[in-house]
Amino acid sequence: MSNACSKEVDQFMQGLIKRNPHEPEFHQAVQEVTESVMSLILDNQKYQDAQILERMTEPDRIVIFRVTWEADDGTVRANRAWRVQFNNAIGPYKGGLRFHPSVTQSILKFLGFEQVFKNSLTGLPMGGAKGGANFNPRGKSRSEVMRFCQSLMIELHRHIGEDTDVPAGDIGVGSREISFLFGQYKRLANRFVGTLTGKGLEFGGSAGRKEATGYGCVYFCENMFEHRGDSMVGKTVAVSGSGNVAIYAIEKSLTMGAKVVTASDSSGFIHDPNGIDQEKLAYLKDLKEERRGRIHEYAEKYPEATFHAGERPWNVPVDIALPCATQNEISEKDAHALVQNGVLAVSEGANMPSVAEAVTIFREAKILYGPGKAANAGGVAVSGLEQSQNALRLSWSRQEVDARLQGIMHDIHHKCLEHGSDNGYVDYVKGSNVAGFIKVADAMLAYGVV
Ligand code: NDP
């Protein structure tokens, strides 16, 4: 970056931090995009005249509300919930809902901001949003989760709609929660429309949605290897997480001919040097999706695996890392360990899983580094396809959805090449940020001053 450019970035970030104090995750996400797009803005007077970056970093609106519900023991509980409607320049707001005790406005603003660029990259007409609550589903009964979802929807339903804002799942919000939320939405709105995605197949869901983020992340990884004349066949893979994204990233890695040796949850990680095969994956799915168990149980069932309490898997020597748990789960030290152990590729299933210093290490080492907004866009892409099917009142086959997903991930990869190639090296961070930015910025310019 030139001196003039980095001066502009610093000046812009100072203002943003002043306007949005105590929001470190939001600052981190904006800093990365600003560094990528500043030279484009300085070269284009139209973006400067329109104050485009100032406008794109200010959400259209944020709705904050209380969710009151009753626990099984009769005690009354109150949580805080948000919907951050970030930008609808290219389509109705779209983005997941997260239920986790760590949820704050900063986290939802970073996720909503990232979502704007990610949705733009998919080529589908979707704006960006994110929402959620500081509610911890762990340890809650099914009835408690249902009452919480129903209470949340009593307020949320006023702000969403199939042409306004279409929420989906994220951490802590899987098919069970989406079913409770959609059931309550349908009752309140008295309409059966595709206002939520990730629905059950019996009531408007899309084949392939639950697999889409994990599969898409692996397709993106394979695209990066292919561009270097290589493939994932025979490579070893470290996956973090054991939730929706991680499980299907493991599944697709196996079908690509790779060997996955780790999985994790917030209690620690398991290392299985023999690899997680189809039978072990079936066990993991049952453990996590059905029994809602903990990851150490895997090592008890398969003694060749070891459990590492309180640790993350990034010290295990592997060819590929697929972080699929949460934000900032790869520290600077972890990134050094991965690079020193010879990692060839990092493809992010989670949103912003690498701290800024880790991203710098990956880029300087010139490994294949696919940032989340490109690599995990498959989930929202298939959510977009679910919206299309709902509008058409049709259901496409699993094969058709998967073929479209592969096509979308291939196109995203191509956009990254177009905007991120430099002397034979592909900077996927710059490529994805610039490609995502141009479409949204040009739509905003077309609307005039709004
Ligand atoms: P799930 O709730 O299904 O799974 C999350 C996994 O990450 C669990 O194994 C969980 O462990 C672990 N985890 C969560 N928080 C932490 C933490 N603070 N430290 C360590 N481990 C943690 O969520 P998803 O799989 O849906 O989402 C995972 C990531 O992928 C998130 O970053 C999400 O934003 C991103 N993403 C998801 C999409 C989707 O379609 N679902 C789409 C695009 C991105 P534990 O059970 O112990 O909490």
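The values are calculated or read from the model by the stated rules, or taken from the named source; none is laboratory data. Owing to the predicted nature of the structure, the values given are computational and were not obtained by experimental measurement. Neighbour counts run over all protein chains shown; Cβ positions are idealised from the backbone, glycine included. The accessibility values were calculated without ligands, DNA or RNA, using every heavy atom of the protein model including side chains. Shrake-Rupley method; radii C 1.70, N 1.55, O 1.52, S 1.80 Å.
Looking at 76, 30, which one is of a type in the set (Val, Ile, Thr) and loosely packed, with under 15 Cβ neighbours inside 10 Å? Give the derivation first.
Values: 30 fails: loosely packed, with under 15 Cβ neighbours inside 10 Å.
It is 76.
I'd like to know if segment 246-257 contains one or more residues that are within 9 Å of the ligand (Cβ to nearest atom) and assigned to a loop (DSSP other than H, G, I, E, B).
No, because not a single residue in segment 246-257 is within 9 Å of the ligand (Cβ to nearest atom) and assigned to a loop (DSSP other than H, G, I, E, B).
For the subset of segment 144-175 comprising residues that are of a type in the set (Gly, Ala, Ser) and within 16 Å of the ligand (Cβ to nearest atom), which member is most open to solvent (accessible area, probe 1.4 Å)?
Filtering segment 144-175 for residues of a type in the set (Gly, Ala, Ser) gives 151, 161, 168-169, 172, 174-175.
If we keep only those that are within 16 Å of the ligand (Cβ to nearest atom) as well, we get 168-169, 172, 174-175.
Numbers: 168: 6, 169: 24, 172: 32, 174: 32, 175: 79 Å².
The selected residue is 175.
Which of the residues spanning segment 259-271 are in contact with an Asp or Glu (Cβ under 8 Å, 6 or more places away or on another chain) and either more than 16 Å from the ligand (Cβ to nearest atom) or outside the structural domain of residue 307 (by TED's automatic domain parsing) (or both)?
The answer is 261, and nothing else.
Can you tell me which residue among 431, 407, 436, 379 is assigned to a helix (DSSP H, G or I) and surrounded by fewer than 14 Cβ atoms within 10 Å (Cβ to Cβ)? Explain how you work it out, then say what you get.
Details: 431 fails: surrounded by fewer than 14 Cβ atoms within 10 Å (Cβ to Cβ); 436 fails: surrounded by fewer than 14 Cβ atoms within 10 Å (Cβ to Cβ); 379 fails: surrounded by fewer than 14 Cβ atoms within 10 Å (Cβ to Cβ).
Only one candidate passes the filter, namely 407.
Looking at segment 240-264 only, could you name the residues that are over 19 Å from residue 219 (Cβ atoms) and more than 17 Å from the chain's Cα centre (by Cα)?
Correct list: 261, 262, 263, 264.
Can you pull out every residue in segment 72-106 that is more than 19 Å from the chain's Cα centre (by Cα) and of a type in the set (Lys, Arg)?
77, 80 - these are the residues of segment 72-106 that are more than 19 Å from the chain's Cα centre (by Cα) and of a type in the set (Lys, Arg).
For segment 228-239, does any single residue satisfy the condition of being in contact with an Asp or Glu (Cβ under 6 Å, 6 or more places away or on another chain) and either aliphatic (A, V, I, L, M) or within 16 Å of the ligand (Cβ to nearest atom) (or both)?
Restricting attention to segment 228-239, the residues satisfying the condition of being in contact with an Asp or Glu (Cβ under 6 Å, 6 or more places away or on another chain) are 232, 235-236.
After this cut, where a residue has to be either aliphatic (A, V, I, L, M) or within 16 Å of the ligand (Cβ to nearest atom) (or both) as well, the list is 232.
Yes.
Please indicate, with yes or no, whether at least one residue in segment 195-212 is outside any helix (DSSP H, G or I) and either of a type in the set (A, V, I, L, M, F, W, C) or within 18 Å of residue 366 (Cα to Cα) (or both).
As a first pass, look at segment 195-212 and keep what is outside any helix (DSSP H, G or I): 195-200, 204-208.
Those still in the list that are either of a type in the set (A, V, I, L, M, F, W, C) or within 18 Å of residue 366 (Cα to Cα) (or both) too: 196, 207.
There is at least one residue in segment 195-212 that is outside any helix (DSSP H, G or I) and either of a type in the set (A, V, I, L, M, F, W, C) or within 18 Å of residue 366 (Cα to Cα) (or both).
Of all residues in segment 12-25, which are surrounded by 11 or more Cβ atoms within 10 Å (Cβ to Cβ) and farther than 22 Å from residue 370 by Cβ?
First, the residues of segment 12-25 that are surrounded by 11 or more Cβ atoms within 10 Å (Cβ to Cβ): 12-13, 15-17, 19-20, 23-25.
Those that are surrounded by 11 or more Cβ atoms within 10 Å (Cβ to Cβ) and farther than 22 Å from residue 370 by Cβ: 12, 13, 15, 16, 17, 19, 20, 23, 24.
Right, residue 199: open to solvent by 40 Å² or more (accessible area, probe 1.4 Å) and either among the acidic types (Asp, Glu) or within 16 Å of the ligand (Cβ to nearest atom) (or both) or not? Break it down into steps so the answer makes sense when it comes.
Working: open to solvent by 40 Å² or more (accessible area, probe 1.4 Å): no; either among the acidic types (Asp, Glu) or within 16 Å of the ligand (Cβ to nearest atom) (or both): yes.
Judged against the criteria, residue 199 is not a match.
Restricting to segment 363-376, what's the tally of residues that are more than 12 Å from the ligand (Cβ to nearest atom), more than 13 Å from residue 430 (Cβ to Cβ), touching a residue at least 12 places away in the same chain (Cβ under 8 Å) and assigned to a helix (DSSP H, G or I)?
1
Filter the strands (runs of 3 or more DSSP E) completely within segment 304-360 down to those with at least 3 residues that are under 20 Å from residue 374 (Cβ atoms) and within 16 Å of the ligand (Cβ to nearest atom). Reasoning before the result, please.
Working: elements: 306-309, 320-323, 345-347.
In segment 304-360, the matching strands (runs of 3 or more DSSP E) lie at 320-323.
Which residues, counting only those in segment 360-379, are within 16 Å of the chain's Cα centre (by Cα) and of a type in the set (Phe, Trp, Tyr)?
So in segment 360-379, the residues within 16 Å of the chain's Cα centre (by Cα) come out as 369-379.
Within segment 360-379, just 369 meets the criteria.
Consider residue 71 carefully, then state whether it is in contact (Cβ under 8 Å) with a residue 12 or more places away in the chain, open to solvent by less than 10 Å² (accessible area, probe 1.4 Å) and over 28 Å from residue 384 (Cβ atoms). Before you say what the answer is, go through the steps one by one.
Numbers: in contact (Cβ under 8 Å) with a residue 12 or more places away in the chain: yes; open to solvent by less than 10 Å² (accessible area, probe 1.4 Å): yes; over 28 Å from residue 384 (Cβ atoms): yes.
Answer is yes for this residue.
Which count do you get for residues in segment 95-128 that are among the basic types (Lys, Arg) and either farther than 17 Å from residue 21 by Cα or near the ligand (Cβ under 10 Å from one of its atoms) (or both)? Give the steps one after another, and end with the answer.
Going through segment 95-128, the residues among the basic types (Lys, Arg) turn out to be 98, 109, 118.
From the residues that got through so far, the ones that are either farther than 17 Å from residue 21 by Cα or near the ligand (Cβ under 10 Å from one of its atoms) (or both) too are 98, 118.
Counting residues in segment 95-128 that are among the basic types (Lys, Arg) and either farther than 17 Å from residue 21 by Cα or near the ligand (Cβ under 10 Å from one of its atoms) (or both) gives 2.
Residue 36 - would you say it is within 23 Å of residue 427 (Cβ to Cβ), surrounded by fewer than 18 Cβ atoms within 10 Å (Cβ to Cβ) and hydroxyl-bearing (Ser, Thr, Tyr)?
On the way: within 23 Å of residue 427 (Cβ to Cβ): yes; surrounded by fewer than 18 Cβ atoms within 10 Å (Cβ to Cβ): no; hydroxyl-bearing (Ser, Thr, Tyr): yes.
So residue 36 fails the test.
What's the total number of residues in segment 33-76 that are part of a loop (DSSP other than H, G, I, E, B) and either within 30 Å of residue 141 (Cα to Cα) or at pLDDT below 95 (or both)?
Step one: filter segment 33-76 for residues part of a loop (DSSP other than H, G, I, E, B), giving 44, 50-51, 57-60, 71-75.
Retained after the next criterion (residues that are either within 30 Å of residue 141 (Cα to Cα) or at pLDDT below 95 (or both)): 71-75.
Residues that pass the stated criteria total 5.
Take the conditions more than 30 Å from residue 160 (Cα to Cα) and either free of Cβ contacts under 8 Å to residues at least 24 places away in the same chain or surrounded by 19 or more Cβ atoms within 10 Å (Cβ to Cβ) (or both) and apply them to residue 1. Does it pass?
Working: more than 30 Å from residue 160 (Cα to Cα): yes; either free of Cβ contacts under 8 Å to residues at least 24 places away in the same chain or surrounded by 19 or more Cβ atoms within 10 Å (Cβ to Cβ) (or both): no.
It is false that residue 1 is more than 30 Å from residue 160 (Cα to Cα) and either free of Cβ contacts under 8 Å to residues at least 24 places away in the same chain or surrounded by 19 or more Cβ atoms within 10 Å (Cβ to Cβ) (or both).
Quick check: is even one residue across segment 272-289 within 14 Å of the ligand (Cβ to nearest atom), in a loop (DSSP other than H, G, I, E, B) and open to solvent by 30 Å² or more (accessible area, probe 1.4 Å)?
No; the residues of segment 272-289 include none that is within 14 Å of the ligand (Cβ to nearest atom), in a loop (DSSP other than H, G, I, E, B) and open to solvent by 30 Å² or more (accessible area, probe 1.4 Å).
Just checking, does segment 126-143 include any residue being surrounded by fewer than 20 Cβ atoms within 10 Å (Cβ to Cβ) and touching a Pro at 6+ places or on another chain (Cβ under 6 Å)? Let's see the steps before the verdict.
Filtering segment 126-143 down to residues surrounded by fewer than 20 Cβ atoms within 10 Å (Cβ to Cβ) leaves 134, 136, 138-143.
In the following step, the residues that additionally are touching a Pro at 6+ places or on another chain (Cβ under 6 Å) were identified as 134, 136.
Yes; the residues of segment 126-143 include at least one that is surrounded by fewer than 20 Cβ atoms within 10 Å (Cβ to Cβ) and touching a Pro at 6+ places or on another chain (Cβ under 6 Å).
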